[in-house]
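Here, each number is a calculation from the coordinates, and none is a lab measurement. Remember, predicted model here, so these are calculated numbers, not experimental data. Cβ coordinates were reconstructed from backbone atoms using ideal geometry, including for glycine residues, and neighbour counts include every protein chain displayed.
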Amino acid sequence: MDPNLILILAMLLIALSFALFVWGFVPEKIEEDEIFGYRLTKRQRLIEENAIYAMTLFPVKLFAHYMRIIPDTPFFKMSKIRSNLREKLMRSGFLGAYTPNEFLGMCCVVGLATMVFFLLFTLTVSGMSNIGISILAGLVATGLPFISLNGAITQRLIEIDRRLPYTIDLLVLSMRAGLDFMSSLDRVVERGQQQNPDDPIIQELGVVLQEMRVGTARTDALLNLCERVKSDYLDTMVGSIIQSERRGTPLAQVLEIQVDTIRNKRTQKIEKAASQAAVKILFPLMFIFASVVCVIVGAMVLRMMSGGM
């Protein structure tokens, strides 16, 4: 049989298989999770600025469509997974503007793309696709988005702790100028959103402001802030604000004291990290020193052996 004819038939079969897969897997209407507020704004900006994000958004929504209909089982609690992801995505600043189902869909897309890559890579290297290694690599790759999510949470917490003293200074200046707490917070949030809408501390204070506007007590709104962010500095500051309300202490004075305390704690933390750097770097230096010694001694031994011969 003509090899060209076989190649054409193979390509037609592949195209037919792909068409059948799309026809059976892609529904007529993909149900999407409703997003709004900052998450919607962030998604629109990511679509405009990131071509890869825009291309992968459709398969992510496709997998999210099927993730949504997965029920709870005695061994696999999807509702608990979604709840944990909802909290983590909020603490990460809505990584990728994904909903919990879309994040799980993103894991599937990353795993599938990795599996296809390894199939093509092993085919190119050895002339035969290694299906076992490709499937294993795809399964491992599904955990990469979770690593990225945890890293985003840690980085956002660091940024909040770093920006907190400066933001509280602006709040104190507004209160010293005669504004009350809510008006000062409104002024700081509005100016911060104009300068940098992705500033995490401004985002969180904006949520506090919205909760207070709809009738939530200031104490409850601040406690909700501590639950979302989980920062030791914020916990201390909010505790002092609640105590000042009970005792009638001027809030601006309390915030000034807390800002100085936070700066002192950050300075001590940085000094401690700097003092530990020399100890931490000693361990890898030992391996570098051992490698250098091995190279020098090995060269001397080889020279002596060649000289003896």
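A compact table of results
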| read-out | value |
| --- | --- |
| Shape of the chain, Cα gyration tensor, a/c cut at 1.5 | oblate |
| Trypsin sites (Lys or Arg not before Pro), loop per DSSP, at most 16 other Cβ atoms within 10 Å - longest free stretch of the chain | 78-229 |
| Computed magnitude of the charge dipole of the chain (debye, nearest 20; Cβ of K, R +1, Cβ of D, E -1) | 760 debye |
| Top of M175, M55, M115 by mean-square fluctuation, Gaussian network on the chain, Cα under 10 Å | M55 |
| Estimated vicinal HN-Hα couplings, Hz - the stretch 186-198 in sequence order (Karplus 6.51, -1.76, 1.60; Gly, Pro = x) | 4, 5, 5, 5, 4, 5, x, 5, 5, 6, 8, x, 8 |
| Degrees separating the helix 251-308 axis from the principal Cα axis of the chain, which is the longest one | 30 degrees |
| Given charges at beta-carbon only (K, R positive; D, E negative), |dipole| of the stretch 31-142 in Debye | 340 debye |
| Value at 222 nm in deg cm²/dmol, rounded to 500, when DSSP H runs of n ≥ 4 in the chain each add -39,500 (n - 2.57) | -28500 deg cm²/dmol |
| Prolate/oblate/rounded label for the stretch 155-260 (Cα gyration tensor, a/c 1.5) | rounded |
| Residue among E159, E87, E34 with the largest mean-square fluctuation in a Gaussian network model of the chain, springs linking Cα atoms under 10 Å | E34 |
| Separation in nanometres of the label points that stand 7 Å from Cα toward Cβ, at L223 and Q210 | 2.1 nm |
| Most positive-pole-ward Cα, A277, S240, I262, against dipole of the stretch 199-290 from beta carbon charges | A277 |
| Cross-link partners of K80 among aspartates and glutamates (Cα-Cα below 13 Å; sequence separation of 8 or more within a chain) | D72 |
| Size of charge dipole - the stretch 105-236 - debye, nearest 20, with Cβ of Lys, Arg +1 and Asp, Glu -1, no other charges | 220 debye |
